[in-house]
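Trainee: Here you go, one structure.
The values are calculated or read from the model by the stated rules, or taken from the named source; none is laboratory data. These numbers were taken from a predicted model, which means no experiment stands behind them. Note that we place each Cβ from the backbone using ideal geometry, even for glycine, and neighbour counts take in every protein chain shown. The accessibility values were calculated without ligands, DNA or RNA, using every heavy atom of the protein model including side chains. Shrake-Rupley method; radii C 1.70, N 1.55, O 1.52, S 1.80 Å.
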Amino acid sequence: MKAPIKVVVDNGASSIKAGILGVDNKRPRIIPNVIVRSKGDKTTYIGHELESCRDHSSLHYRLPFEKGYITDWDAQKAIWDGMFSAELLNVNPSEASLLLTEPYFNLPNLQDVYDQFVFEEYEFYSYYRCTPASLIPHGTLFTRTDPSRPECMLVVDSGFSFTHIVPIMNGEIVWQAVKRIDVGGKLLTNQLKELVSYRQWNMMDETYIMNQVKESSCYVSTNFRQDMEVCQTEPKSNGIVQEYILPDFSLNRPGRIRQPGEPPGESSQILYMNNERFTVPEIIFRPDDIGLDQSGIAATIASSIAQLPEEIQGLFWANIGLIGGNTKFPGFRERLMSELRTLGPVDCEVVLYLSTDPITEVYQSAVALAKRPDFAERVVTRADYLEMGSSACHRKFSDWKPVDKDATKGRDMGKTKTGRARDEVEDDEPSPSVRRGGRAKGRGRATVRRQG
């Protein structure tokens, strides 16, 4: 048999970044991970079909992911079917090897369903499953300014469902120090919908529109108190307020920010974005603003590093990478740097590594891994799965729960078709060993490094 083609799929809760190695190396296909029912044209759009929708008002969303995990496998399969079809990737799974991302702290029973879908529903030749942050060491996020790859790094992944702080040592995630903040892009969009619906227009059913407003108008304030005072003094004529012209789908006119001097149209509906522009992203830094009993992102990063060996903590402070859609907010990096500098040790340098495209950074890192000669040694083949079941995947893939290889040997053998995941979760906590490295060297200053 000829060498299988390699398919890379970063299966995010909001969007899927997918491509074929050698064809989509530079830019993946970005597919909405959603099934949408439009009330305007009474049509259902599955995944990639959403780009053909022209009326985005009052869309009904059906999301495969709920609270960070796949809960609707029927919806996920329908989206994957379209992704692998001739309309997009045009993949013959039996002749392909799949690299697929999974959520952090994915439940063992859900992992089994992943394996069953890949090998039983689609019959891929082989596949490799891992978390997004585990791919970053293979990419160029930390090596664009310095070709030497750091042994210790900390990845901040702020995505659709959650924000995760993930320390990585020698290419392996240190699970005992991984932290999660229950704030992601979905919560921010919902918060903006509620604020706007209370103050101006009823936008509770306009998720698509309000997500566009959030992405085009919101920013992270570097001086929250001062910006609030400006907005309160002159509510409609300050330097912060923006006028967002809502879309008119009857005229096929998209929404946009009104430019200075631009006359409003006769039928234009204008949304005034005042302190909403910065109070919504502020939740990432102050979750207690909406009643969440959690620390902000800077304090959570400090807490994660504090759980690592003291003599190498400086190496993590000096290698913090930012990925995920929420890190694209203007001012995010500057605000995070200013807060981290006050929390970090005086003798340690704080360095942030910024991706040119935080949304596709994981995909690009996955492509780099798939190109490696040893990638074939990491995968589980369909023959292995048919012989041993999901235990073959448990034994070979790195996981947040330690695996007793003798206890899992032969487990799940003879399984057939896909079943629903159960709700049980094992009670034992992971206790991975932490390898110690060299002593950290700090220079007592903060640095932000942008990718070229």
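Trainee: Quickly rank 144-156, 175-187, 124-136 as a protection proxy: mean count of other C-beta atoms within 10 Å, highest first. Mind showing how you got there, number by number?
Mentor: Numbers: 144-156: 17.6, 175-187: 20.3, 124-136: 23.7.
Ranking, from highest mean packing down: 124-136, 175-187, 144-156.
Trainee: Express in nm, to one decimal, how much length is gained between GLN307 and ARG341 on full extension, taking 0.36 nm for each residue of separation and deducting their alpha carbon distance.
Mentor: On the way: separation 34, 0.36 × 34 = 12.24 nm, distance 1.84 nm.
Residue separation times 0.36 nm, minus the Cα-Cα distance, leaves 10.4 nm.
Trainee: Under 5 Å between amide hydrogens, which residues at least 5 positions from LEU98 or on another chain qualify, with H placed 1.01 Å from N in the peptide plane?
Mentor: Here the answer is VAL7, SER126, TYR127, TYR128, since their amide H atoms fall under 5 Å of that of LEU98.
Trainee: Suppose each label sits 7 Å from its Cα in the direction of the beta carbon; what would the LYS39-ALA383 distance come out to in nanometres?
Mentor: 5.6 nm
Trainee: Magnitude of the Cβ-charge dipole of the stretch 234-388, K/R +1 and D/E -1, about the Cα centre, nearest 20 debye? It would help to have the intermediate numbers written out before the result.
Mentor: Working: 14 positive and 22 negative charges, 107 e Å.
Charge dipole of the stretch 234-388: 520 debye, to the nearest 20.
Trainee: Which value at 222 nm does the chain reach when only helices count, each DSSP H run of 4 or more adding -39,500 (n - 2.57), with the total divided by all residues and rounded to the nearest 500 deg cm²/dmol? Don't skip to the end; give the middle numbers.
Mentor: Values: 15 runs with 124 residues, N = 452.
-7500 deg cm²/dmol, from helical runs alone.
Trainee: Let me ask something additional. Taking R0 as 51 Å, what FRET efficiency do you get between ASN223 and LYS2 from their Cβ-Cβ distance, rounded to the nearest 0.05? It would help to have the intermediate numbers written out before the result.
Mentor: Working: r = 60 Å, r/R0 = 1.17.
After rounding to 0.05, the efficiency reads 0.30.
Trainee: Between ASN109 and ASN190, what is 0.36 nm times their sequence separation minus the Cα-Cα distance? Round to one decimal in nm. Mind dumping the intermediate values first?
Mentor: On the way: separation 81, 0.36 × 81 = 29.16 nm, distance 2.97 nm.
Here the segment from ASN109 to ASN190 would lengthen by 26.2 nm.
Trainee: Let me ask another. Given LEU340, ILE270, PRO235, which one lies farthest toward the positive end of the charge dipole of the chain, if we put +1 on the Cβ of every Lys and Arg and -1 on the Cβ of every Asp and Glu?
Mentor: Among LEU340, ILE270, PRO235, the one farthest towards the positive end of the dipole of the chain is LEU340.
Trainee: If you put +1 on each Lys and Arg Cβ and -1 on each Asp and Glu Cβ, how big is the dipole of the stretch 185-290 around its Cα centre, in Debye rounded to 20?
Mentor: Working: 11 positive and 15 negative charges, 26 e Å.
Roughly 120 debye, rounded to the nearest 20.
Trainee: I'd like to know which of SER391, TYR45, ALA299 lies farthest towards the positive end of the charge dipole of the chain, counting +1 on Cβ of Lys and Arg and -1 on Cβ of Asp and Glu.
Mentor: ALA299
Trainee: Give me the extension gain from GLN232 to ASN90: residue separation times 0.36 nm, minus the current Cα-Cα distance, reported in nm with one decimal. Present the calculation step by step, with values, prior to reporting the outcome.
Mentor: Details: separation 142, 0.36 × 142 = 51.12 nm, distance 5.48 nm.
Gain on extension, GLN232 to ASN90, equals 45.6 nm.
Trainee: Ok, one more. Answer with a single label: of (i) 68, 60, 41; (ii) 69, 54, 49; (iii) 88, 64, 40, which was calculated as Cα extents along the principal axes in Å from the structure in view?
Mentor: Computing Cα extents along the principal axes in Å and matching it to (i) 68, 60, 41; (ii) 69, 54, 49; (iii) 88, 64, 40 gives (i).
Trainee: If you place +1 on the Cβ of every Lys and Arg and -1 on the Cβ of every Asp and Glu, how big does the dipole about the Cα centre of the chain come out, in debye to the nearest 20? Please report the intermediate quantities before stating the final value.
Mentor: On the way: 55 positive and 61 negative charges, 233 e Å.
Using only the charged Cβ atoms, the result is roughly 1120 debye.
Trainee: Starting from the Cα gyration tensor of the stretch 154-303, take the square roots of the eigenvalues, sort them a ≥ b ≥ c, and report rounded, prolate or oblate (rounded when a/c is under 1.5, otherwise prolate if a/b is larger than b/c, else oblate).
Mentor: Working: a/c = 2.56, a/b = 1.88, b/c = 1.36.
The shape class here is prolate.
Trainee: Sorted by packing (mean other beta-carbon atoms within 10 Å per residue), highest first, where do 295-307, 4-16 land?
Mentor: 4-16, 295-307
Trainee: At a 10 angstrom cut-off on C-beta neighbours, averaged per residue, how do the peptides 188-199, 316-327, 235-246 rank from highest to lowest? Don't jump to the answer; show the numbers that get you there.
Mentor: Values: 188-199: 18.3, 316-327: 24.4, 235-246: 15.1.
Highest mean packing first, the order is 316-327, 188-199, 235-246.
Trainee: For ARG395, ARG37, ARG333, give the ranking by accessible area with the largest first, probe 1.4 Å.
Mentor: The ordering from most to least exposed comes out as ARG37, ARG395, ARG333.
Trainee: If you take the charge dipole of the chain about its Cα centre, with +1 on Lys and Arg Cβ and -1 on Asp and Glu Cβ, which of PHE65, VAL7, TYR198 is farthest toward its positive end?
Mentor: Result: VAL7, furthest along the dipole toward the positive end.
Trainee: Got a number for carbon plus sulfur as a percent of the stretch 316-395's accessible area, 1.4 Å probe? Mind showing how you got there, number by number?
Mentor: Details: 1540 of 2790 Å².
Reported share for carbon and sulfur atoms: 55 percent.
Trainee: Next question, about the same structure. Set the Förster distance to 22 Å, then compute FRET efficiency between GLU215 and HIS60 from the Cβ-Cβ distance, nearest 0.05. Kindly include the intermediate steps, with their values, before the conclusion.
Mentor: Working: r = 21 Å, r/R0 = 0.95.
About 0.55, to the nearest 0.05.
Trainee: Set the Förster distance to 56 Å, then compute FRET efficiency between SER148 and ASP72 from the Cβ-Cβ distance, nearest 0.05.
Mentor: Numbers: r = 44 Å, r/R0 = 0.78.
FRET efficiency, SER148 to ASP72: 0.80.
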